[in-house]
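Structure first, commentary second.
Read the figures in this text as sums done on the coordinates, not as results from a lab. The shown structure was predicted, so the numbers you read here are calculated from the model rather than taken from an experiment. Note: ideal-geometry Cβ built from the backbone for every residue, glycine included; neighbour counts use all protein chains shown.
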Amino acid sequence: MSQHDLYLLAIAVIVILAVVFAIARLRVHPFPALVTGALALGLLAGAAPDQVLKSFRLGFGETLANVGVLLALGAMFGELLASSGGAERVSSALLKVGGTRAIPWTMCAVSMILGLPLFFEAGVVLMMPIILNVGASLAKNPAGLKGNPYLLAGLPVFAGISVLHALVPPHPGPMVAIDAMKADLGMTLILGLLMSIPIAVVAGPLYTLWIAPRAASAPPADLVGRLTRRDDRFRSPGIAVTILTILFPILLMLGKAAVDLALPPGHPLRVLFEFVGNPIVALLLAVILATFTFGFFIGKDTRAVGKLLGDALPPISAIMLIIGAGGALKQTLIDVGLGAVIAQASQLVHLSPLLLGWFTAVILRLATGSATVAIVTASGLMAATVTVNPGLNPSLMALSIGSGSLFFSHINDAGFWLVKEYMGMNLPNMFKTWSVLETIIAVMGLFLCLGLSLVI
């Protein structure tokens, strides 16, 4: 590595540690801390001021255009669901399935079923009303479960969605890796599903039951109040209507995944589902449907529904700004060339192909904060390795890279801030819950890939 590369690495480490120190020790609000860190990183790395601002605008804007819009639509959907009493109905049903003691297992199973077609961010915003309702119920009646009730309800959900997002096509990460490795889609899907179950069990319920008594979570009171209360002036929707409304955006995204696999590009049905199955469009259509099923059909007028939609946004405005600033820091890390430096350095390490692909994705994930960037870059670098190693299974290579792309999510990851602000955790608690959970998934994924390589 050149002297400039080492300088770039040092600057990135110093800036990230400074942001963590400012937030954790000095109690600086995450938004100005992340904005300052992103701008300082670009300037210290030697980028021109106009390029630094361009990177900031690009990262902030793209993150809000994707995660921010999903968060806003999800908040509206959650507000309608909660005020109608639908979230309370679903949480009560989940508490009855297997009993209170089985909640971590039930929540993980539900998240994996619902998460098959969902992007991570979409899965989180759709599940939050249910997580907060179940957490509030556990707080009142723990029934032998030890630990923070919101962690007991939430961490298994995050684990289930994360595992599927990294290992199971047609999620975007695995699809990129499959294409680069020229792997068989069907085999990768089967192997990914087989791997995801034991990983989700360990990273989800088992780790949750251990860490929940040792960590704290206090979701914002106004958010909990909004998503756990119902308006008694109106009748509640039936459980069937509630579940069908929740499943509506999921079915649209699942339809997109199905036609992407079954129909050729340009087919009219595929074009239709590529639009309506996009997470933003699917959630928008779900909000429109919810205005009827959770609004007009149970006796609310346009004024009441409009007020609910408007009231949903203020509680999540700070979360959106923090996520956008995290996206700006991520983009700046990429634009100053840190990803390229890491990618080149990883090629100097002599390891087995599966371990090298995983290790490359890990370093890129830590440096840039983006699982997608880690998968795309690592897959491009490792594509040639598959062609010169005829005994190497391309599907396992794709899954190894996908696993590494989740390693230790921290402050340069927009998903980190999404979970942190929704769950109301400080940085130390985030690192020992969310960051460790992601690391368990990454490490178990690697070992399962290595184990399967001995028998496939």
Cα centroids of the stretch 365-423 and the stretch 218-244: how far apart, whole angstrom?
-> 37 Å
Distance from the stretch 57-104 to the stretch 1-35 (C-alpha centre basis), Å = 32 Å
With +1 at each Lys and Arg Cβ and -1 at each Asp and Glu Cβ, the charge dipole magnitude of the chain around its Cα centre, to the nearest 20 debye, comes out at 1100 debye
Which of the helices in the chain, when you take each full DSSP H run, stretch at least 30 Å along the axis at their Cα atoms and have an average Kyte-Doolittle score of -0.5 or higher?
-> 3-24, 239-262, 314-335
From the residues ILE288, VAL341, THR100, which one has its Cα farthest along the dipole of the chain in the positive direction, the dipole being from +1 and -1 charges on Cβ of Lys/Arg and Asp/Glu about the Cα centre?
-> THR100
Can you pull the one-decimal nm distance between simple spin-label points at ASP5 and ALA262, each 7 Å off the Cα toward Cβ?
-> 4.8 nm
Asserting the computed 222 nm helical MRE of the chain (DSSP H runs at least 4 long, -39500 (n - 2.57) per run, divided by residue count, to nearest 500) equals -24000 deg cm²/dmol
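Using Cα-Cα distances under 8 Å and only pairs 6 or more residues apart, what relative contact order does the chain have, in percent?
Details: 766 pairs, mean separation 109.9, N = 456.
Across the chain, relative contact order equals 24 percent.
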Looking at ILE322, VAL376, ILE298, which one has the Cα that reaches farthest to the positive end of the dipole of the chain (charges on Cβ: Lys, Arg +1; Asp, Glu -1)?
-> ILE298
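Please give me, ordered by residue number, the trypsin sites (Lys or Arg not before Pro) of the stretch 87-182 that lie in loop per DSSP and have at most 15 other Cβ atoms within 10 Å.
Values: sites: ARG89, LYS96, ARG101, LYS140, LYS146, LYS182; in loops: LYS146, LYS182.
Sites meeting the loop and neighbour criteria: LYS146, LYS182.
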Report the Stokes-Einstein translational diffusion coefficient (µm² s⁻¹, integer) for the stretch 172-322, Rh taken as the Kirkwood radius over Cα pairs, at 25 °C with viscosity 0.890 mPa s.
-> 126 µm²/s
Return the Cα extents of the stretch 29-116 along principal axes one, two and three, sorted largest first, each rounded to a whole Å.
-> 59, 28, 27
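Write down, largest first, the equivalent ellipsoid semi-axes of the stretch 97-188 in whole Å, where each equals the square root of 5 times an eigenvalue of the alpha-carbon gyration tensor. Present the calculation step by step, with values, prior to reporting the outcome.
Values: eigenvalues 201, 27, 16 Å².
Ellipsoid semi-axes (Å, largest first): 32, 12, 9.
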Place a point 7 Å from the Cα of LEU269 in the direction of its beta carbon; the residues of the stretch 175-213 whose amide N falls under 14 Å from it are none
About its Cα centre, the stretch 162-263 carries a charge dipole, from +1 on Lys and Arg Cβ atoms and -1 on Asp and Glu Cβ atoms, whose size in debye to the nearest 20 is 380 debye
Lys/Arg Cβ at +1, Asp/Glu Cβ at -1, dipole of the chain taken about the Cα centre: which of THR242, LEU189, LEU145 is farthest positive-ward?
-> LEU145
Residues with amide H under 5 Å from that of GLY85, placed H, sequence gap 5 or more = ASP231
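What do you get for trypsin sites (Lys or Arg not before Pro) in the stretch 220-258 restricted to DSSP loop and a cutoff of at most 15 other Cβ within 10 Å of the site's Cβ? Mind showing how you got there, number by number?
Numbers: sites: ARG226, ARG229, ARG230, ARG233, ARG235, LYS256; in loops: ARG229, ARG230, ARG233, ARG235.
Here the trypsin sites (Lys or Arg not before Pro) that fit, given the DSSP loop and packing criteria, are ARG229, ARG233, ARG235.
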How large is the dipole of the stretch 1-141 about the Cα centre if only Lys and Arg carry +1 and Asp and Glu carry -1, each at its Cβ, rounded to the nearest 20 debye?
-> 480 debye
